[in-house]
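Quick notes on the structure that follows.
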DNA sequence: CGAGCGCTTGATTGAGTTCAAAAATCGTGG
DNA sequence: CCACGATTTTTGAACTCAATCAAGCGCTCG
């Protein structure tokens, strides 16, 4: 599906938006494609715009003082990705935004965002609720990182983002969960022993139980 | 200092605000005092308002599935405290907000907030930058929780919130850092051996260097 | 077709937890 | 102001989870 169609579907599913309003969005957002492995932003650069992921998937990560990568977020289709701190303060970013699949993005710079907040009611609304959900998710992740075991965190992730698990390499998942690839491999082995996997060619089981 | 004076100082230090605007804020925010140990919000209740802490200190915490407490945030004077999720969705909160010192608050309900966002330029501005800073702090805490050792996290906290360390009991600090009280005690012992503390009353003995 | 990358498996190690109990500190009533 | 009980904090010992180090295997992609 074309990038702007994904965007349109995204908003129609959440808020009411007129054709005029969408035309405005279309005029301020700039399409851009990234090949898998290409970067939208590197640490040290100053972020120029936020991105709506229409197709594909990106990851954002930091590199800590010991040179180790830590994945902060995955952003598959219909996710937004931005370093708002760098964007607003013009300070160098701490993050890398890298496409991990061939991806289509729609970019929105600071003035464009202001324009949409002012002139597109549904945008402002969706932006606000998005921030709020995002903040709540971060709180949960903090508590989970500090209190849950590696296996519990993996199972949580499985429940919360079932679609992502199948798309990203295991070592990225491990990085996101804050565990070593070896540990994740062992966790999966244990789980598949205890709760045996459905056979690999069989009927679609249909039970992707929805998270809340 | 009286609660509204603290609020006034808070805004004057960050944005420009007219007397009329501040009069409006005064009219929509409701003072409330909490004795140490009293709750502003309990898990299961629906949050009714955000709070500005003018004096004292609160903590917010959740209780996980195993019945263990996890402190999510400390809120000393000039901090804001709110469960925006519960506030906006009218869903039961996951959090407890408890005063850990006798505290003076100024409460702001949903409509009051909307009013201020609309009519007080500086409020909307400060609200937005506040959200942004808060989100960035959470990202840092996530990465830190996943990558740093207990000692590193403690030192980070010491640097970031030096004033809080002296005010809260150690077991609360441990809960915030996601480590056991015993571990925090041992960390402090090690640090004071390595980077000797000023002596408590007696002669400084000189050489504490009995390394392991 | 070979090299490298990702995943697995095993062995070892270490940071941090848990359990238990002593020592220090705090607050409250007499 | 002191004493007593209740929290906190400290200390010790055993144990656990997950990291690290080290091979080995199987793909794929160049």
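The values are calculated or read from the model by the stated rules, or taken from the named source; none is laboratory data. Predicted model only: the values in this text are computed from it and were never measured. We place every Cβ from the backbone using ideal geometry, glycine too, and count neighbours over all the protein chains shown.
Here's a check for you: in the range A:118-168, which residue that is touching a residue at least 24 places away in the same chain (Cβ under 8 Å) and out of contact with any helix residue (DSSP H, G or I) (no Cβ under 9 Å at 6 or more places or on another chain) is nearest to residue A:12 (Cα to Cα)?
A:125
Please name all residue pairs, on different chains or six or more residues apart, with Cβ atoms under 9 Å, provided the first residue is in the range B:175-192 and is within 14 Å of chain A (Cβ to nearest Cβ) and the second residue is near DNA strand C (Cβ under 7 Å from one of its atoms) and at pLDDT below 95.
The qualifying pairs do not exist here.
Looking at B:51, B:9, B:43, can you tell me which residue is farther than 20 Å from residue B:166 by Cβ, out of contact with any helix residue (DSSP H, G or I) (no Cβ under 9 Å at 6 or more places or on another chain) and in a loop (DSSP other than H, G, I, E, B)? Walk me through it before giving the result.
Values: B:51 fails: in a loop (DSSP other than H, G, I, E, B); B:9 fails: in a loop (DSSP other than H, G, I, E, B).
Testing whether each residue is farther than 20 Å from residue B:166 by Cβ, out of contact with any helix residue (DSSP H, G or I) (no Cβ under 9 Å at 6 or more places or on another chain) and in a loop (DSSP other than H, G, I, E, B) leaves just B:43.
Got at least one residue in the range A:70-91 being within 14 Å of another protein chain (Cβ to nearest Cβ), closer than 25 Å to residue A:181 by Cβ and not in a strand (DSSP E or B)?
Scanning the range A:70-91, I find no residue that is within 14 Å of another protein chain (Cβ to nearest Cβ), closer than 25 Å to residue A:181 by Cβ and not in a strand (DSSP E or B), so the answer is no.
Report the residue count in the range A:81-106 for those that are surrounded by fewer than 17 Cβ atoms within 10 Å (Cβ to Cβ) and closer than 20 Å to residue A:124 by Cα. Spell out how you get there, then give the answer.
Going through the range A:81-106, the residues surrounded by fewer than 17 Cβ atoms within 10 Å (Cβ to Cβ) turn out to be A:88-92, A:102.
With the extra rule that they be closer than 20 Å to residue A:124 by Cα, the set shrinks to A:88.
Qualifying residue count, the range A:81-106: 1.
Out of all the residues in the range A:54-69, which are in a loop (DSSP other than H, G, I, E, B), touching a strand residue (DSSP E or B) at 6+ places or on another chain (Cβ under 9 Å) and surrounded by fewer than 19 Cβ atoms within 10 Å (Cβ to Cβ)?
Taking the range A:54-69 first, the residues in a loop (DSSP other than H, G, I, E, B) are A:56, A:64-68.
Among the residues that remain, those that are also touching a strand residue (DSSP E or B) at 6+ places or on another chain (Cβ under 9 Å) are: A:56, A:64.
Of everything in the range A:54-69, just one residue is in a loop (DSSP other than H, G, I, E, B), touching a strand residue (DSSP E or B) at 6+ places or on another chain (Cβ under 9 Å) and surrounded by fewer than 19 Cβ atoms within 10 Å (Cβ to Cβ), namely A:64.
Which one is farthest from residue B:76 (Cα to Cα) among residues in the range B:10-46 that are without any contact (Cβ under 8 Å) to a residue 24 or more places away in the chain and surrounded by 12 or more Cβ atoms within 10 Å (Cβ to Cβ)?
So in the range B:10-46, the residues without any contact (Cβ under 8 Å) to a residue 24 or more places away in the chain come out as B:12-13, B:18-20, B:22-23, B:26-27.
Imposing the further condition that a residue be surrounded by 12 or more Cβ atoms within 10 Å (Cβ to Cβ) reduces the set to B:12, B:22, B:26.
Numbers: B:12: 19, B:22: 22, B:26: 21 Å.
In this case the residue turns out to be B:22.
How many residues are within 14 Å of another protein chain (Cβ to nearest Cβ) and more than 10 Å from DNA strand D (Cβ to nearest atom) if we restrict to the range A:146-171?
6
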